[in-house]
């Protein structure tokens, strides 16, 4: 099995992670690590940090589901939900000051994790 969807998701996440990380690095170079109270630096750090907290498990879940011969629609749907949720959340962190965009992204992501976790447990226990 070639895990095409998982490979594509991991590749896209790798490409998304770079600008998120670079934005933090550039701001730190400009201001130093001890730039207390810099709201832009804080938002960049949280956008990057939140991405790093959730993206790896999303890739693992999609990979296990794809490897487990799940229906292609499930694999694509979960990969799409994880990708959309991560992009929208990062955009919400970086470019808006109100939470609705981020909240919607997190709800989508949590729903995808619930589906993924349920399917994985069903395959093991069912």
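The values are calculated or read from the model by the stated rules, or taken from the named source; none is laboratory data. Since we're looking at a predicted model, the values are computed, not measured. Heads up, the Cβs are rebuilt from the backbone with ideal geometry, glycines too, and the neighbour counts pull from every protein chain shown.
Residues considered: 27, 86. Of these, the only one that is modelled with pLDDT under 95 and touching a helix residue (DSSP H, G or I) at 6+ places or on another chain (Cβ under 9 Å) is 27.
Looking across segment 82-91, the residues that are more than 18 Å from residue 27 (Cβ to Cβ) and surrounded by 21 or more Cβ atoms within 10 Å (Cβ to Cβ) come down to 82, 85, 86, 89.
Being under 12 Å from the mean Cα position of the chain (by Cα), buried (at least 18 other Cβ atoms within 10 Å of the Cβ) and on the phi < 0 side of the Ramachandran plot is a condition met by no residue of segment 23-38. Entry remark, segment 39-59: residues being closer than 16 Å to residue 108 by Cβ and either modelled with pLDDT under 95 or surrounded by 13 or more Cβ atoms within 10 Å (Cβ to Cβ) (or both) number 6 in total. For beta carbons closer than 7 Å, sequence separation of 6+ or different chains, a first residue in segment 81-110 that is in contact (Cβ under 8 Å) with a residue 40 or more places away in the chain and at positive phi and a second that is in a helix (DSSP H, G or I) and surrounded by fewer than 17 Cβ atoms within 10 Å (Cβ to Cβ), there are no qualifying pairs. Among the conditions (1) farther than 12 Å from residue 54 by Cβ; (2) touching a helix residue (DSSP H, G or I) at 6+ places or on another chain (Cβ under 9 Å); (3) surrounded by fewer than 15 Cβ atoms within 10 Å (Cβ to Cβ), the only one that residue 114 does not satisfy is (2).
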